[in-house]
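> The structure follows.
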Amino acid sequence: MEKSISSRYYLDYNATSPLAKSVKSFLASGDFLFGNPASIHTTGKTAKKYINETVDFLFNHFKLSPVHFSIVFHSGATEGINTFFKGIALAQFKNKVKSTFFFSTVDHASAINLEEDLRVLGHDVYFFSVDKNGDFNRENLIEVIKKVTSIGMPAILNYTYVNNESGVVWSLEDAVKIKKETGAIIHVDAVQTIGKINNWSLLPSELDAYTFSGHKFGAMKSVGFSFINKSVKFSPLIVGGGQQAGLRAGTENALGIYCLKLALLDMVDEFKPDELLSAKTFIEDMLSTKGEIVGKNAKQRNLNTIFVIFNQSNSSDLTTRLDIQGFDVSKGSACSSGIVKENRILLNMGFSNKESLSAIRFSFSPSLNREEAQKIATCLQKALK
Ligand code: PLP
């Protein structure tokens, strides 16, 4: 039920989600798995056992093979993405190999902001653009990557499966096609997929890495995981005691890791994609009378996100007004001084400054149903008057 959090309508599931039921009851059981998984006594072994159980579960759930992939647990997708790209950049720097890294202009900040460090390590960085539907030109991108790989230079691509702001989905079939035609190393940012698209667990083994973040699907903050193909050579971002086969040092957060499994199991039980789509569409139909739905004509959008440009309004005023009326929603990012900046994603999709300052993102719970949607739409309509 959307309004269960402090009796507010929490419509910001792309930012973060409440803990899953089974996570809460596991925590309430008081079994906090405090042992150090590297310890050889029983308490340590218990923590290790729960981690191993989670590893097995994740390989099964995502149908990837531990023969070809490693799982790296980390503090969330920002670290996962940094680990992958900086890790490759550093490994290649050590081997005196120059590479080109490809990002889209609408990737998450944790990818975009790697540019400076990658250049410092001697690599090239290329940003490819998207159109107003949040879509990119596949043939163009393939051509640009081929120019790099055809001279023997490695190409590494970040592929955002579901955009966190617009909800636009890029198909993994296309990513596999890019891989086959160019030989690029491809990392998939899969953070916004669980509970937000159908078949999130179908991950082609041809692609090189996938990153997820626990707090986006009912697990805890600061725990995430990446699948990384064993053939990818990267220097670990965090070195130390050699935990996780040296891929990411530091004592593992057994409790947080086990909660990934619990939250995913709940999601599998509760996710009703048809119901979610119908509920979201109901709210979207109402909102489209008030503003422009971003990515309305995209090839595919996810099931839980509506990003709306309210042309005559300012998103700061609107979010404040909605906040007072009990709605938690999100707008373009505010910098630390509190000054509202244009929404980078919208600007890079070709919208104007003014449009980018008047957008609000509504992102719904995976278990939103039609009845709740009707209530939300009615209250939202009043609040937006
Ligand atoms: N990638 C995408 C698409 C995201 O939406 C986010 C978080 O909003 C991240 C990466 C970073 O995730 P985390 O909060 O786990 O660092």
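> How many percent of DSSP beta bridges within the chain run antiparallel, rounded to 5?
Of those bridges, close to 55 percent are antiparallel.
> Right, something else. Would you report the distance distribution of C-alpha pairs in the stretch 22-268 as whole percents per 10 angstrom bin, up to the bin with the largest distance?
7, 31, 35, 19, 6, 1
> Excluding same-chain residues fewer than 8 positions from K24, which aspartates and glutamates have a Cα within less than 14 Å of its Cα?
D266
> Could you calculate the FRET efficiency of D31 with C379 from 1/(1 + (r/R0)^6), where r is the beta carbon distance between them and R0 is 25 Å, rounded to 0.05?
0.05
> Only Cα pairs within less than 10 Å get springs; with that Gaussian network setup on the chain, which residue of K177, K261, K331 has the largest fluctuation?
Its mean-square fluctuation being the largest, the pick is K177.
> If you take the charge dipole of the stretch 22-268 about its Cα centre, with +1 on Lys and Arg Cβ and -1 on Asp and Glu Cβ, which of A249, N158, F59 is farthest toward its positive end?
In the stretch 22-268, that residue is A249.
> Go ahead and run the numbers for FRET between N198 and A249, Cβ-Cβ distance against an R0 of 30 Å, rounding to 0.05.
0.25
> Quick one: 3J(HN,Hα) in Hz for the stretch 54-69, Karplus 6.51/-1.76/1.60 with θ = phi - 60°, rounded, Gly and Pro as x.
5, 4, 4, 4, 5, 4, 5, 4, 8, 6, 10, 9, x, 5, 9, 10
> Residues in the stretch 345-385, backbone N under 20 Å from the label point at E275 (7 Å along the Cα-to-beta-carbon vector): list them, ranges by number please.
Under 20 Å, as judged by backbone N against the label point of E275, lie 363-378 of the stretch 345-385.
> Out of Q325, Q312, Q300, any idea which swings most in a Gaussian network model of the chain, alpha carbons joined below 10 Å?
Q312
> Moving on. What trypsin sites (Lys or Arg not before Pro) does the stretch 46-75 have in DSSP loop regions with at most 15 other beta carbons within 10 Å?
K63
> Roughly how many whole Å is it from the C-alpha centroid of the stretch 25-51 to that of the stretch 262-299?
Result: 37 Å between the Cα centres.
> Assigning unit charges at the beta carbon (Lys, Arg +1; Asp, Glu -1) and nothing else, what dipole magnitude in debye, to the nearest 20, does the chain show about its Cα centre?
Charge dipole of the chain: 400 debye, to the nearest 20.
> Among the aspartates and glutamates, which fall within straight-line cross-link reach of K177, defined as a Cα-Cα distance under 18 Å, with same-chain neighbours fewer than 8 residues apart omitted?
K177 reaches D135, E139, E143, D189, E206, D208.
> Tally up the carbon and sulfur contribution to the accessible surface of the chain as a whole percent, 1.4 Å probe, everything protein left in place.
That share works out to 53 percent.
> Here is a further query. For the pairs K94/K230; K179/K261; K196/K280; K216/K280; K272/K375; K196/K290, note any where the Cα-Cα span goes beyond 21 Å.
K179/K261; K196/K290
> Mind giving me the nanometre distance, one decimal, between the label points for K96 and N140, set 7 Å out from Cα along Cα→Cβ?
3.7
> I'd like to know how the stretch 198-256 sits against the 2.2 N^0.38 Å rule of thumb: what's its Cα Rg over that expected value?
1.28
> Here's another thing I want to ask about it. Describe numerically, in nm with one decimal, the distance between label points set 7 Å from Cα along Cα→Cβ at D323 and at S39.
Spacing of the two 7 Å Cα→Cβ label points: 4.3 nm.
> Note down the relative contact order for the stretch 22-268 as a percent, whole number, built from C-alpha pairs under 8 angstrom at least six residues apart.
27
> On a straight-distance basis, which aspartates and glutamates could pair with K341 in a cross-link, Cα separation under 18 angstrom, same-chain partners fewer than 8 positions away excluded?
D107, E165, D317, E355
> Continuing with the same structure: Anyone know which of S313, S330, S235 comes out most mobile in the 10 Å Cα GNM of the chain?
The residue that fluctuates most here is S313.
> In square nanometres and to one decimal, what's the mean projected area of the convex hull around the Cα atoms of the stretch 239-385?
12.5
> Still on this structure: For the stretch 139-292, what is the per residue volume of the convex hull drawn over the alpha-carbon atoms, in cubic angstrom?
That works out to 146 Å³ per residue.
> Place +1 on the Cβ of every Lys and Arg and -1 on the Cβ of every Asp and Glu in the stretch 22-268, take the dipole about the Cα centre, and give the residue among Q92, S25, V168 whose Cα lies farthest towards its positive end.
The one lying farthest along the dipole's positive direction is Q92.
> Might you tell me the accessible area per residue for the stretch 22-268, computed with a 1.4 Å probe and given in Å²?
40
> Testing the spin-label approximation: label points 7 Å from Cα along Cα→Cβ at R8 and S171. State their distance in nm.
Placing both labels 7 Å beyond Cα along the Cβ direction yields 3.9 nm.
The values are calculated or read from the model by the stated rules, or taken from the named source; none is laboratory data. Keep in mind the model is a prediction, meaning the values are calculated, not measured. FYI the Cβ positions are ideal-geometry reconstructions off the backbone, even for glycines, and counts take in every protein chain you see. Quick note on the areas: whole protein, heavy atoms, side chains included, nothing else; ligands and nucleic acids left out. Shrake-Rupley method; radii C 1.70, N 1.55, O 1.52, S 1.80 Å.
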